[in-house]
Amino acid sequence: MSQIQGVEAPCSLRKLPSASKRSQNQAAFALAAILAGAVAATQRGNDKVKMNRCGECIGVLAGLFLAFAALPAGVAQAPKVQASPLPKIVEKDGRSALLVDGAPYLMLGVQANNSSAWPEYLGKVWPAAETLHANTVELPVYWEQFEPVEGQFDFSSVDLILQQARAHHLRLVLLWFGTWKNGSAHYTPEWIKLDQAKYPLLLNRDGQTVDSPSIFAPAWLDADKSAFRALMRHLKAADPQRTVLLVQVENEAGVWGAVRDYSLAAEKAFAGEVPERLVKGLGKQPGTWRKVFGEDADEIFQAWFTASYIEQVAEAGKAEYALPLYVNAALREPFNPGKPPSYESGAPTDNELDLWKIAAPSISVVAPDIYLPEYNKYSKVIDLYRRKDNPLLIPETGNPAEYARYVYEAIGQGAIGWSPFGLDLTRYSDQAGAPGAMEADALQPFARQYALLGPIARQLAQGNFEGKVRGASEEPENHTQTLAFARWKAVLQYGMPSFGDGMKPKGNSPADGGVVILELGPDEFLVAGHHVRVDFAPASAPGKKRYWMKVEEGSYDAAGKWTTARLWNGDQTDYGLNLKADENVLLRVRLTTY
Ligand code: DGJ
């Protein structure tokens, strides 16, 4: 349970208290947050002395809090917050970075379950993020909550999320559950659901209604644009701290159960010419959809109108507040994709990436939701979505333990962010074959990786932007991998003992190893990983062998200053650097040859 759950949520805009009362509440909230932090710190501390000291400190803070809350309205003014630089995504030499507070940031994220972003349930989100050592939480904004009455916006949930994320020192990615959520319009407000003449659902080829919006009716776009604009305008005013780093526009847009819309308006559009921008962008000859795209015309038609709709929503929001925006994709199988509707049609699937780039320039990233546990599929999806014009962001990935190792692969391929889905304490499980409830233990495999990587997240993001990071996750079928650097190659072996060599690696069971390596200099590396043996060999010095100069185990502080705890040598280096599954070890390695 969050320590600040008991603090009253700000009420909706229509019932807001006076400005002075509001700022008093905000200041009281800030103190409550400090108090919450102190309580959390006490809980984390494991020695008695710390507990006692914190107990005293809580007493003082509690006194302060009560005194402050008792101040008359108007006296307690929240200090004016200096605006931080806007988060932005930048590209250089084919590599990307998400700049946060002006420097590259690696999002070690977690997405809450779909129904966890309600005030009463946020207390089950933050402690999970803290256990995970995540630095960013992804939370939905529900259209049905945000605009319960047409034209009247309720910012209370968004404000509470902002306040609580800050109190927990977490950044946010907000997910706009607008026109689409997994291809359907389930998060639309009642006034939309009840007016299906104005906001119709899509018709399939047989004229049957499908559970997906028919976006050829113009009212859909007008309504979504107006709501998204209001959200972004509010964020601009409410978040000078830039707690929110990115906004996802819609959720897995597209249609399940039909290849395209066959409503009258859609049929009329389908009979027309393919827009010139798409024809030119894809290097095609002009003509009707069928003529230009043949048997793929239906899917491409649906993709174009879905992407163009999202572009208009994104553009309207961005005009209010220019945060980086992205869309997420329900994937098709990367090797044998079949045809829609076996996958979500009109979605940003890998075959439609070029189209989405042409149709939606306000969207900075088309991001894959990777729920494919097999190594070859996972890495293939990364290959498909990581492009010069498309930074790699994995905003959702599976939460079974086997996915935890993929954080290394993602970082090694230059990801700006990675986030398992559905890890909160609501006990909901999205795994079809698993028991109904997901328990807190499910966080541990991910927590282990983030605890190791969190303290070096900024270094990794900066290194990635400069092309100096490599990483890999264990492949079950192949127990040796190599990572190439300018003067060295790193050799990774899985399933080796920590003493002795000359044996063949047999792999870990289950395959849970992985490592990232940051090149600090031509002969110097930072190594972080689990359940893997790491060694180095000269990349191009025939007859020469690796000679350990120095292997330092240590840590970075918050300011990025390194402290050495000990040097590894003897048994600890004679058989390579053996990183255990359950220990967080950072090594700085200097190499020479003999
Ligand atoms: C992908 C969706 O984007 C999420 O909102 C959620 O429904 C997950 N699937 C469940 O696995």
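The values are calculated or read from the model by the stated rules, or taken from the named source; none is laboratory data. The structure displayed is predicted, hence computed values, not measured ones. Quick reminder, even Gly has a Cβ in these numbers, built from the backbone with ideal geometry, and neighbours come from all protein chains shown. Ligands, DNA and RNA are stripped out before the accessible areas are found, and what is left, the full protein with its side chains, is counted by its heavy atoms. Shrake-Rupley method; radii C 1.70, N 1.55, O 1.52, S 1.80 Å.
From 212, 157, grab the single residue that is under 25 Å from residue 127 (Cβ atoms), open to solvent by less than 40 Å² (accessible area, probe 1.4 Å) and either assigned by TED's automatic domain parsing to the domain that holds residue 368 or in a helix (DSSP H, G or I) (or both). Working first, answer last.
Working: 212 fails: under 25 Å from residue 127 (Cβ atoms).
Testing whether each residue is under 25 Å from residue 127 (Cβ atoms), open to solvent by less than 40 Å² (accessible area, probe 1.4 Å) and either assigned by TED's automatic domain parsing to the domain that holds residue 368 or in a helix (DSSP H, G or I) (or both) leaves just 157.
I'd like the full set of residues that are more than 16 Å from the ligand (Cβ to nearest atom), among the small types (Gly, Ala, Ser) and open to solvent by 50 Å² or more (accessible area, probe 1.4 Å), limited to the stretch 402-440.
440
Provide a single number: the residues in the stretch 285-312 that are over 19 Å from residue 361 (Cβ atoms) and of a type outside the set (Asp, Glu). First the steps, then the outcome.
So the first thing to find is which residues in the stretch 285-312 are over 19 Å from residue 361 (Cβ atoms), and the list is 285-299, 301-302.
Filter again for of a type outside the set (Asp, Glu), leaving 285-294, 297, 301-302.
Counting residues in the stretch 285-312 that are over 19 Å from residue 361 (Cβ atoms) and of a type outside the set (Asp, Glu) gives 13.
What number of residues in the stretch 480-492 are more than 29 Å from the chain's Cα centre (by Cα) and assigned to a loop (DSSP other than H, G, I, E, B)?
Selection size over the stretch 480-492: 2.
When the residues of the stretch 177-204 are filtered to those that are within 16 Å of the ligand (Cβ to nearest atom) and more than 19 Å from residue 225 (Cβ to Cβ), which remaining residue is surrounded by the most Cβ atoms within 10 Å (Cβ to Cβ)? Quick ask: steps written out before the conclusion?
To start, the set of residues in the stretch 177-204 that are within 16 Å of the ligand (Cβ to nearest atom) comprises 177-188.
Narrowing further to those that are more than 19 Å from residue 225 (Cβ to Cβ): 182-184, 186.
Details: 182: 19, 183: 27, 184: 20, 186: 16.
So the residue we want is 183.
I'd like to check something: does the stretch 452-471 contain any residue that is more than 24 Å from residue 90 (Cα to Cα) and not in a strand (DSSP E or B)?
Step one: list which residues in the stretch 452-471 are more than 24 Å from residue 90 (Cα to Cα), which gives 452.
Those left that are additionally not in a strand (DSSP E or B): 452.
Scanning the stretch 452-471, I find at least one residue that is more than 24 Å from residue 90 (Cα to Cα) and not in a strand (DSSP E or B), so the answer is yes.
Mind telling me which of the residues 81, 141, 100 ends up being more than 17 Å from residue 325 (Cα to Cα) and among the β-branched types (Val, Ile, Thr)? Show your work before the answer.
Numbers: 141 fails: more than 17 Å from residue 325 (Cα to Cα); 100 fails: more than 17 Å from residue 325 (Cα to Cα).
So the residue among 81, 141, 100 that is more than 17 Å from residue 325 (Cα to Cα) and among the β-branched types (Val, Ile, Thr) is 81.
Answer with yes or no whether residue 432 is at pLDDT below 95 and either more than 22 Å from residue 580 (Cβ to Cβ) or hydroxyl-bearing (Ser, Thr, Tyr) (or both). Please lay out each step first, then the result.
Values: at pLDDT below 95: yes; either more than 22 Å from residue 580 (Cβ to Cβ) or hydroxyl-bearing (Ser, Thr, Tyr) (or both): yes.
For residue 432, the condition - at pLDDT below 95 and either more than 22 Å from residue 580 (Cβ to Cβ) or hydroxyl-bearing (Ser, Thr, Tyr) (or both) - is met.
Within 16 Å of the ligand (Cβ to nearest atom), part of a strand (DSSP E or B) and either open to solvent by 40 Å² or more (accessible area, probe 1.4 Å) or not hydroxyl-bearing (Ser, Thr, Tyr) (or both): is that true of residue 144 in this structure? Can you show your working first?
On the way: within 16 Å of the ligand (Cβ to nearest atom): yes; part of a strand (DSSP E or B): no; either open to solvent by 40 Å² or more (accessible area, probe 1.4 Å) or not hydroxyl-bearing (Ser, Thr, Tyr) (or both): yes.
Taking the combined requirement at face value, the residue does not satisfy it.
For residue 326, only one of the following conditions fails: (1) open to solvent by less than 40 Å² (accessible area, probe 1.4 Å); (2) on the phi > 0 side of the Ramachandran plot. What is its number?
Condition not satisfied by residue 326: (2).
Within the stretch 492-507, identify whether any single residue is surrounded by 14 or more Cβ atoms within 10 Å (Cβ to Cβ), under 21 Å from residue 386 (Cβ atoms) and touching a residue at least 12 places away in the same chain (Cβ under 8 Å), and answer yes or no. It would help to see each step written out before you state the result.
As a first pass, look at the stretch 492-507 and keep what is surrounded by 14 or more Cβ atoms within 10 Å (Cβ to Cβ): 492-496, 505, 507.
Next, from what is left, pick out any that are under 21 Å from residue 386 (Cβ atoms): 492.
If we keep only those that are touching a residue at least 12 places away in the same chain (Cβ under 8 Å) as well, we get 492.
The answer is yes, given that some residue of the stretch 492-507 is surrounded by 14 or more Cβ atoms within 10 Å (Cβ to Cβ), under 21 Å from residue 386 (Cβ atoms) and touching a residue at least 12 places away in the same chain (Cβ under 8 Å).
Can you tell which of 167, 185, 83 is closer than 28 Å to residue 452 by Cβ, hydrophobic (A, V, I, L, M, F, W, C) and either modelled with pLDDT of 95 or more or outside the structural domain of residue 228 (by TED's automatic domain parsing) (or both)?
On the way: 185 fails: closer than 28 Å to residue 452 by Cβ; 83 fails: closer than 28 Å to residue 452 by Cβ.
Within the list 167, 185, 83, the selection yields 167.
Please state which one of 513, 507 is under 21 Å from residue 408 (Cα atoms), of a type in the set (Gly, Ala, Ser), in the same structural domain as residue 579 (by TED's automatic domain parsing) and touching an Asp or Glu at 6+ places or on another chain (Cβ under 6 Å).
Working: 507 fails: touching an Asp or Glu at 6+ places or on another chain (Cβ under 6 Å).
The match here is 513.
Which residue pairs have Cβ atoms under 8 Å apart, sit 6 or more places apart or on different chains, and have a first residue in the stretch 314-328 that is under 21 Å from residue 386 (Cα atoms) and a second that is within 16 Å of the ligand (Cβ to nearest atom) and part of a helix (DSSP H, G or I)?
Listed by first residue and then by second, the contacts come to 327/310.
Among all residue pairs at least 6 apart or on different chains, which show Cβ distances below 6 Å where the first residue, located in the stretch 368-394, is in the same structural domain as residue 182 (by TED's automatic domain parsing) and within 14 Å of the ligand (Cβ to nearest atom) and the second is small (Gly, Ala, Ser) and in a strand (DSSP E or B)?
Within 6 Å, the pairs are 368/329; 393/367; 393/417.
Just give me the residues in the stretch 331-344 being out of contact with any Pro (no Cβ under 9 Å at 6 or more places or on another chain), open to solvent by less than 30 Å² (accessible area, probe 1.4 Å) and within 16 Å of the ligand (Cβ to nearest atom), in sequence order.
Scanning the stretch 331-344 gives a single hit, 344.
Return yes or no: is residue 235 at negative phi and either modelled with pLDDT under 95 or away from the ligand (no atom under 16 Å from the Cβ) (or both)? First the steps, then the outcome.
Values: at negative phi: yes; either modelled with pLDDT under 95 or away from the ligand (no atom under 16 Å from the Cβ) (or both): yes.
So residue 235 passes the test.
Specify which of the listed residues (497, 542, 510) is over 20 Å from residue 469 (Cβ atoms) and modelled with pLDDT under 95. Let's see the steps before the verdict.
Details: 497 fails: modelled with pLDDT under 95; 510 fails: modelled with pLDDT under 95.
When all the criteria are applied, what remains is 542.
When you look at residue 134, is it within 16 Å of the chain's Cα centre (by Cα), away from the ligand (no atom under 15 Å from the Cβ) and part of a helix (DSSP H, G or I), yes or no?
Values: within 16 Å of the chain's Cα centre (by Cα): yes; away from the ligand (no atom under 15 Å from the Cβ): yes; part of a helix (DSSP H, G or I): no.
No, not satisfied.
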